[in-house]
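Participant: Sharing a structure below in structure tokens format, with a few things to ask.
The values are calculated or read from the model by the stated rules, or taken from the named source; none is laboratory data. Please read all numbers here as calculations on a predicted model, not as lab measurements. Note that we place each Cβ from the backbone using ideal geometry, even for glycine, and neighbour counts take in every protein chain shown. Keep in mind that these areas ignore ligands, DNA and RNA; they rest on the heavy atoms of the full protein, side chains included. Shrake-Rupley method; radii C 1.70, N 1.55, O 1.52, S 1.80 Å.
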Amino acid sequence: MGTLVSFLIHPFSTVRRIRDQYDEEGNLGDLIYHLTLFFAFGIYTVIRRHLNAQNRAKSFRVDPPEQADPSWSNAQTIHNARLDSHKYDASLAPPVGELSGRDYITCFDPATGLHLGTPLADNVVEIETKIDRAEVAQVKWRTSSFADRKRVVRSLKKWLVENQEVCARVACRDTGKTLIDAGLGEVLTTCSKMDWLLRHGERYLRPETRSSPLLLGYKTSQVHYEPLGVVAAIVSWNYPLHNAWSPILAALFAGNAIVIKCSEHVAWSSMWFVDVIKECLRACSFDPELVQLVCCFPDQAEALTRSPKIKHITFIGSERVGREVAIAATQHLTPVTLELGGKDPAIVLPGTDIEQWSSLWMRGIFQNAGQNCIGIERLLVHRSQYDEVYNLILSRARGLRTGAALSADGVGTGVDVGSMISRDRFQTLQDRVEAAEARGARVELGGRPHSHPYLNNGAFFEPTVIGEVRQDMDIAQHELFAPIALIMPYDTIDEAIEIANDTRYALGASVFGPDKYECLEVARRLECGMVAINDFGVFYLNQDLPFGGIKASGYGRFGGPEGLRSLTNLKTIIVDRWPWLLQTSIPRPLDYPVRSPTQAWDVASGIVDALYADGWRESWEGLQRLFTAMRRH
């Protein structure tokens, strides 16, 4: 070892000394040994550096849109903005003029009403063309290595971490949410998704060896996870970055191309977010046509859901539209994963530390202005602590500040609750609040649209707290998707579980309490897809877990190995373990034409009894019958 170190520090003098020793002792083997170690180490270092260079994240640049700058105000403000405002205001039309017979989408900031653009909506022909482009690009991508796919994901993760504030501002501008809501719900969750794919994705997509029964002990049984081809995702507007990137990342990692249909409410931000992925693919020397974005109204979306070239559909949205997607997909028996929202309960068990968990409840209710599919829609509290919880939530909700995260005049400073995506549901929400109040519910805060003193074109709804809500009220049965806290009393734990399960929805839930095992017992009795104990929504931050619900909340799962594998063809392959020694052959009594049905039956039944009889005596008798039948001529 000392000679090797000496060689690395003074190679020429060491070689000269070793040569002199060889001249005296004739020990050439020592010289060759050390030289071999040195060159082997050098070759290993070169190969390692080459692989690191190949797998290292690629840097690329995408210019941020000027509209994402908080100081940006060089746009027209739209009064009572709608997706079709350009039809009523010629100044909102595209600068090149509208094409006859084509649809356009008016994009606007729902917190300020600022006009963001009026892009052309895709028609059926354009959607079909995008599917064809994705199909062509996928032919080569399906043979890509996991190292290639990881390089794309690693490059995107590096870019997102470095540009997280820009991404958050883009999401804020198009949805009206706060920067904190964007940071937690958009950036953090997307980074978690990419980190999981990098750490575990390959393991779940590599061929998996399964066990073989005794009868097939000479076989090796495997499941291979092969790309489907072109898959589709139709996603909602509440998290435009994450809802677009999550299915794109999963599809690409599984070897697929993807056509993603964004909500028309977030067409502006979705175009930029998808452009980022295309630029990343280009920087990694892959075809950017692997990812296609469709921006259209629902009446054109069947070109996607009924396409025979689409091999899987992920849908995130309302129950009504989800049913339409599922029906359309039956035309070509396209598998569908549906996530249709929920009415998530949070059960507060007796003896819970109210002060400890109140901040979690506030975020679970009011994060993203309540527009969160796994947000807390119902807070169920035992009578013994009901008044304390109600008064605490009411007091804290009074202090919530509503406004725009991005505002040129600084109005967005210190905003807690952003705007809703539009005013479209305001009347429905107000009617449900008033109906609940008429039936005895307690409404001391909110319940109506908020007139902001500086942002009079914003789609704001007042943070609302409603107490004494009963499960037979309309407001307790429908997903509100709004900054509304429903606080419901219960007397027994059995009653709380009954209330929690008494809706058409069953996506997620939370259980809070001082006893972990009592919480677990309650969690097991809840009808839903996911439960967090003494927390809310964290089952989505752990991307190793499947995400989805049951009942009217949909079916199938995305996230985790289950979601990733749902984007593949699960192909079973069974092969001889020792083909030179043992292979399947048909016993003569069973070979066609069957010479003796009685003998053939004795062979078949003997095999069954020998392998599967309930006791060893019956198995032995079956084995004897088998051998006797085989010896018979």
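Participant: Considering each residue of segment 351-404, count those that are touching a helix residue (DSSP H, G or I) at 6+ places or on another chain (Cβ under 9 Å), of a type in the set (Ser, Thr, Tyr) and open to solvent by less than 40 Å² (accessible area, probe 1.4 Å), and give that number.
Facilitator: Here the count works out to 3.
Participant: Looking for something part of a strand (DSSP E or B) and touching a residue at least 60 places away in the same chain (Cβ under 8 Å) - is there at least one such residue anywhere in segment 300-310?
Facilitator: Checked segment 300-310: at least one residue is part of a strand (DSSP E or B) and touching a residue at least 60 places away in the same chain (Cβ under 8 Å).
Participant: Looking for whichever is of a type outside the set (A, V, I, L, M) and without any contact (Cβ under 8 Å) to a residue 40 or more places away in the chain here; the options are Asp472, Asp535, Asp544. Which one fits?
Facilitator: Going through Asp472, Asp535, Asp544 in turn, the sole match is Asp472.
Participant: Which helices (runs of 4 or more DSSP H) sit wholly inside segment 116-197 and have at least 1 residues that are among the aromatic types (Phe, Trp, Tyr), touching a residue at least 60 places away in the same chain (Cβ under 8 Å) and closer than 19 Å to Leu281 by Cα?
Facilitator: 124-141, 146-162
Participant: Quick test of your reading of the structure: Ser358 fulfils all but one of (1) in contact with a Leu (Cβ under 7 Å, 6 or more places away or on another chain); (2) in a loop (DSSP other than H, G, I, E, B). Name the failing condition by number.
Facilitator: (2)
Participant: I'd like the full set of residues that are surrounded by fewer than 20 Cβ atoms within 10 Å (Cβ to Cβ) and either more than 14 Å from Ala232 (Cα to Cα) or of a type in the set (A, V, I, L, M, F, W, C) (or both), limited to segment 304-331.
Facilitator: Across segment 304-331, the qualifying residues are Ser318, Glu319, Arg320, Val321, Arg323, Glu324, Ala326, Ile327, Ala328, Thr330, Gln331.
Participant: Could you list all residues from segment 151-174 that are over 18 Å from Glu66 (Cβ atoms) and surrounded by 19 or more Cβ atoms within 10 Å (Cβ to Cβ)?
Facilitator: Arg151, Val152, Val153, Arg154, Ser155, Leu156, Lys157, Trp159, Leu160
Participant: Still on this structure, please answer the following. Looking at segment 56-108 only, could you name the residues that are under 30 Å from the mean Cα position of the chain (by Cα), of a type in the set (A, V, I, L, M, F, W, C) and not in a loop (DSSP other than H, G, I, E, B)?
Facilitator: Selection gives Ala68, Cys107, Phe108.
Participant: Only residues that are loosely packed, with under 11 Cβ neighbours inside 10 Å and part of a strand (DSSP E or B): list them for segment 566-581, please.
Facilitator: Thr572, Ile573, Val575
Participant: Cβ contacts < 7 Å: first residue over 9 Å from Val469 (Cα atoms), restricted to segment 426-442; second residue open to solvent by 90 Å² or more (accessible area, probe 1.4 Å), any location; separation 6+ or different chain. Result?
Facilitator: Gln430/Arg448
Participant: Right, here's the next one. Identify the residue in segment 591-631 that is of a type in the set (Lys, Arg) and open to solvent by 100 Å² or more (accessible area, probe 1.4 Å) and, among all such residues, is farthest from Leu215 (Cα to Cα).
Facilitator: Restricting to residues being of a type in the set (Lys, Arg) and open to solvent by 100 Å² or more (accessible area, probe 1.4 Å), the top hit is Arg595.
Participant: Out of everything in segment 411-444 that is charged (D, E, K, R) and under 30 Å from the mean Cα position of the chain (by Cα), what residue ends up being least open to solvent (accessible area, probe 1.4 Å)?
Facilitator: Asp416
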